[in-house]
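The values are calculated or read from the model by the stated rules, or taken from the named source; none is laboratory data. Keep in mind it's a predicted model, so treat the numbers as computed, not measured. For neighbour counting, all protein chains shown are included, and Cβ atoms are generated from backbone atoms with ideal geometry for every residue, glycine included. Accessible surface is based on the protein model in full, side chains and every heavy atom, while ligands, DNA and RNA are left aside. Shrake-Rupley method; radii C 1.70, N 1.55, O 1.52, S 1.80 Å.
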Amino acid sequence: MPQRQSNPFSHIVALGVFAALAIAPAAGFSAPKTSLVLAIGGEPETGFDPLLGWGAYGHPLFQSTLLRRDADLAIQPDLATEWHLSEDRLTWTVTIRDDARFSDGTPLTARDVAFTFEQGKTSAGGLDLSVLDSASATDDRTVVFRLKKPWITFVENFLTLGILPAASYGPDYGRHPIGSGPYRFVSWREGEQLIVERNPEYYGKQPAFDRLTFLFTGEAAGLAAAQAGAVDIVSVPAPLAGNPPQKFRAVPVPTVDNRGLSLPFLPPQDELSPAGGKLGNAVTSDKAIRQAINIGLDREAIVEVALHGHGTPAWGPADGLPWQGRDDSLSFDLAGAKRLLDDAGWVEGKDGIRVKGGIRAAFPIHYPASDSTRQMLAETTAELLRPLGIEATPKGGSWSSIEKVMHAEPVVFGFGSHSPYQLFALYDGALAGVEYLNPTYYANPRVDALFAEAQAAPSLEQSYPLWSAAAAEYGVRGDAAWAWLVNLDHVYFVGECLDLGRTQVEPHGHGWPITASLAEWTWTCP
């Protein structure tokens, strides 16, 4: 989901903010430190409403969730103290703690939990609660969720959906959120800054810092803020990650935040998508082209050139997670890729670009023009495809322009979550063309069948082998449905006196995944 883009005057705004912050003690230069300033992006377009996508990647901060993942990504209780799935896999019964309160002092009960999920069924945000039949509170502490069919990834909503106050939720909630999380809302100037303070009603471990200020500066201004000593943490793009300012250190955090090249699966269609866009591509619908791209791209070179080494080659959307394809990787083989194209009848022309049946092996690679990392990935990939006889042309644009062509032309997309539902969203045929889900219109009945079997598993852990098995169909040894390129390292410049503790393998960069370990952050200087 696109984030709010920095406005062209953000650097001017930021300079004003920095000037104000400079009045306060700067990072690492005085003690005791009870507040932090962060420039880590992630300003949500729709505010801080979980029903509109807030917290889906990373931590909702203002709200708490039923469950959470620890630094090892193991599931731990949060609001929930017990959770149980019935033998027919249609009913979840969840018991919540009795000491949770919202930041306005009102108690959080099972009715708030049920309200949140019932509201989520009909929200227009990125939630998919279509499998939920009902959520009801049987007393103050017990919530019963009834599903329309067995659907094991429903439990992922317990980990990501922030719980709302039923009594005070309304249309403006996202701009004045009330929750039971570790921090409470103070003020938000859109495009500039958000201020939060510690929530005294929070039932969990109180964080060490009273107040946090999030700056929405854009990449260049964020780095300038660090150089001026006006922030404590700033996220930086890979090309800038090698030169932390004085009194800062670079902290690279491994992620499953991947970037991949979508390869439209259908041949050109006469019909249009429901949104009115073209469907299908004459080049990428050829399996030999997709396989050759996957074999013939030197991903190590892409990591070095486009990310300056701050990442790893990607072979799928779940590298390193228990549900990744076990054999879903290949060795770089340029000669083998060329042979594949030769055997498939793609003949090299006088200009070096291959042709088959009058169709030239050429396509644009779209990327959001505001994203320098995706631009570098598009340009590097295009250069590496040329030796194969494939002409790829990088093309920057807005997300609204990309939406019009994303079912017919390749795009540098980014995904990555802590849930196998990500595989379902990318490859299940039923989701073809639904918003940003399955944008390539990939369809394989064997994949759909394995996903259905996985969703019917008695536990997430028991579903993992089935998700993994599907990669033999959609992955690089099968349909080669996408060309996954890299898994990014999220790189932060962190003040020398701030200890972040153990960090998680982070998901996609929307939101603030680094704040998942916020309770462990400490100030180490005297």
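Structure summary
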read-out	value
Of all accessible heavy-atom area on region 450-526, the percent that carbon and sulfur account for (1.4 Å)	54
Sum of side-chain charges, Q63 neighbourhood, beta-carbon under 14 Å (Lys, Arg +1; Asp, Glu -1)	-2
K149 paired with Q206, simple spin-label distance in nm, labels 7 Å along Cα-to-beta-carbon	4.9
Total charge dipole magnitude, the chain, about the Cα centre, Cβ charges on Lys, Arg, Asp, Glu only, Debye to nearest 20	540
Shape box of region 186-301 [Cα atoms, principal axes, largest first, Å]	57, 37, 30
The chain, relative contact order [Cα under 8 Å, separation at least 6], %	21
Lysine pairs with alpha-carbon atoms under 18 Å apart, the chain, spacing 8 or more or separate chains	10
Positive-pole candidate from P245, F145, S86, dipole of the chain, charges at beta carbon	P245
Positive-end residue of A516, Y492, G475, charge dipole of region 443-526 with Cβ unit charges	G475
Coarse-grained scattering of the chain at q = 0.05, 0.09, 0.13 Å⁻¹, given as base-10 log I(q)/I(0) from a Debye sum over alpha-carbon atoms	-0.21, -0.67, -1.33
Net charge dipole size for region 272-414 [Lys, Arg +1 and Asp, Glu -1 on Cβ; Debye, nearest 20]	460
Restricting region 370-451 to GluC sites (Glu not before Pro) in coil, as DSSP defines it, with at most 15 other Cβ within 10 Å	E435
Amide H contacts of E506 (H built 1.01 Å from N, under 5 Å, at least 5 apart or other chain)	T255, V256
Highest to lowest packing among 409-418, 88-97, scored as the average C-beta count within 10 Å	409-418, 88-97
Helical contribution to [θ] at 222 nm, DSSP H n ≥ 4, -39,500 (n - 2.57), averaged over the chain, rounded to 500	-7000 deg cm²/dmol
Sequence-separation-based contact order of region 200-327, relative, with Cα cut under 8 Å and 6+ spacing, percent	18
Listed residues A344, Y367, W188: farthest to the positive end of the dipole of the chain (Cβ charges)	Y367
Cut-off 12 Å between beta-carbons: net charge of the residues surrounding A135, Lys and Arg +1, Asp and Glu -1	0
Qualifying GluC sites (Glu not before Pro) in region 263-327, DSSP loop, other Cβ atoms within 10 Å at most 10	E271
Counted charge near S329, where neighbours are those whose Cβ lies closer than 15 Å (Asp, Glu -1; Lys, Arg +1)	-3
Distant alpha-carbon pairs in region 414-526 (separation over 17 angstrom), percent	65
Packing-based ranking, highest mean first, of 130-140, 188-198 given that Cβ atoms within 10 Å are counted	188-198, 130-140
